[in-house]
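The values are calculated or read from the model by the stated rules, or taken from the named source; none is laboratory data. These figures come from a predicted structure and were not determined experimentally. Note that we place each Cβ from the backbone using ideal geometry, even for glycine, and neighbour counts take in every protein chain shown.
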Amino acid sequence: MARGRLKNVLSEDWKDLKEVWEWYIFQDGLVGDEAARTLDVSFAGLTLNKAQYFGMTTDDLSTLFDEHRQELKRVPMLVLLAATEAALMVDYVVRVRERKKDEISKDFIAIYRLRKLEPKLSEEILDVWRTRVAHPAMKAAIDRYKGALKLRNWLAHGRYKEPEERPKFDPSGIRDYEPEDILEIGTALLTTAGIK
């Protein structure tokens, strides 16, 4: 792809971390409201109006809503990790397109010559940041994000096998992440890199 065409490759459809987080909070609130209404009716011994709850006990309903909220937590974690990657890739494209002269941009231009718009996130993009920004906060942010990428891979590939319990770059296990953790990891990386 010619450098002149780089200006046309970026989508307007990607979401930033704040937009993803606001979506999650809204959805979590909807599930919480539905759970509260439904459990109130069930506790009162009244008939539930929705067919999907027919024949369920209060315990069944509590379990159902707990499962739904747990599953809902996984969606924003995947999207937050992907949104962080999108921000990193947009930064890569902009630096290459504008032919910036800083060391990071020069490294990205060299990667672009070889890989065009298909750089490897961990081995190329993040490693350039790690090499060029010697600050310990950057190295820590990259390590935490790389650890969380194991969660992204597990979620994105259908969760068909047991996850690695202790990712190499993060002390918590994949099952220990919460949406707030992933928001903080992505925000820390992008803030430290100066990417908005």
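When only residues in segment 122-137 that are touching a residue at least 40 places away in the same chain (Cβ under 8 Å) and not aromatic (Phe, Trp, Tyr) count, which is surrounded by the most Cβ atoms within 10 Å (Cβ to Cβ)?
Val133
Filter segment 34-85 for residues that are surrounded by 15 or more Cβ atoms within 10 Å (Cβ to Cβ) and either hydroxyl-bearing (Ser, Thr, Tyr) or not in a helix (DSSP H, G or I) (or both) and give the result.
Selection gives Thr38, Ser42, Leu48, Tyr53, Met56, Ser62, Thr84.
Within segment 97-107, can you find the residues that are at pLDDT below 95 and surrounded by 15 or more Cβ atoms within 10 Å (Cβ to Cβ)?
Matches in segment 97-107: Arg97 only.
Any residue that is without any contact (Cβ under 8 Å) to a residue 24 or more places away in the chain and hydrophobic (A, V, I, L, M, F, W, C) - is there at least one of those in segment 69-83?
no
Out of Lys106, Lys100, which single residue is in a loop (DSSP other than H, G, I, E, B), free of Cβ contacts under 8 Å to residues at least 12 places away in the same chain and of a type outside the set (S, T, N, Q)?
Just one listed residue meets the conditions, Lys100.
Kindly check whether there is at least one residue in segment 166-173 that is at pLDDT below 90 and within 20 Å of Glu71 (Cα to Cα).
yes
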